[in-house]
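Participant: Attaching a single structure in structure tokens format; questions to follow.
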Amino acid sequence: MTDLSLRQFSDRSKTKLQGVDPRLVHIAELALQRSPFDFGITCGLRTIQEQRNLVHEGKSRTMNSKHLEGRAIDFVVYINGKANWDLENYQKVAQVFKQVAAEEGVEIEWGGDWKSFRDGPHIQLKDGV
């Protein structure tokens, strides 16, 4: 069995974390150690043009995204080395994020808790944090 404390983000995930609020990066690193699943970061800081493209493609609903400020990340769960999109797995990882954030005294939101638009792979700092 693999020692979970040895989990580290890939170079690709580390690149995606560049420009992200250091508190959120720290929470993601701690969550990776405790998560029941391996996960990687698919998006962190976005440019306005990247956000426009995502809205145009229907992959985002707002031009007021916290990604534009480096206050949000998107992640992908890996099971047996392959991307998995089962919302139940994202709920489990998000619970770890929430627990770690509470321990660190940082308020976050999980996109899967939103009522109008569920975004399971999304974690962001709450307004005012």
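Participant: Quick check on the range 6-21: of everything there that is touching a Leu at 6+ places or on another chain (Cβ under 9 Å) and surrounded by fewer than 16 Cβ atoms within 10 Å (Cβ to Cβ), which residue is farthest from Gly81 (Cα to Cα)?
Facilitator: Gly19
Participant: Still on this structure, please answer the following. In the range 98-129, how many are of a type outside the set (Asp, Glu), more than 16 Å from Thr42 (Cα to Cα) and surrounded by 15 or more Cβ atoms within 10 Å (Cβ to Cβ)?
Facilitator: Result for the range 98-129: 8.
Participant: Condition test on Val76, is it within 27 Å of Gly128 (Cβ to Cβ) and either buried (at least 18 other Cβ atoms within 10 Å of the Cβ) or free of Cβ contacts under 8 Å to residues at least 60 places away in the same chain (or both)?
Facilitator: Values: within 27 Å of Gly128 (Cβ to Cβ): no; either buried (at least 18 other Cβ atoms within 10 Å of the Cβ) or free of Cβ contacts under 8 Å to residues at least 60 places away in the same chain (or both): yes.
So Val76 fails the test.
Participant: Which is of a type outside the set (S, T, N, Q), out of contact with any helix residue (DSSP H, G or I) (no Cβ under 6 Å at 6 or more places or on another chain) and surrounded by 19 or more Cβ atoms within 10 Å (Cβ to Cβ), of Leu54, Leu24?
Facilitator: Sole residue among the options that is of a type outside the set (S, T, N, Q), out of contact with any helix residue (DSSP H, G or I) (no Cβ under 6 Å at 6 or more places or on another chain) and surrounded by 19 or more Cβ atoms within 10 Å (Cβ to Cβ): Leu24.
Participant: Which pairs do you get when a residue that is in a helix (DSSP H, G or I), found in the range 90-106, comes within reach of a residue that is among the basic types (Lys, Arg), reach meaning Cβ atoms under 8 angstrom, with the pair 6+ apart or on two chains?
Facilitator: Pairs that qualify, where the first residue is in a helix (DSSP H, G or I) and the partner is among the basic types (Lys, Arg), are Val96/Arg34; Gln99/Arg34; Val100/Arg34; Glu104/Arg23.
No value in this document is a laboratory result; all are computed from the given coordinates. Keep in mind it's a predicted model, so treat the numbers as computed, not measured. Don't worry about glycine lacking a Cβ; one is built from the backbone with ideal geometry, like all the others, and counts go over all protein chains shown.
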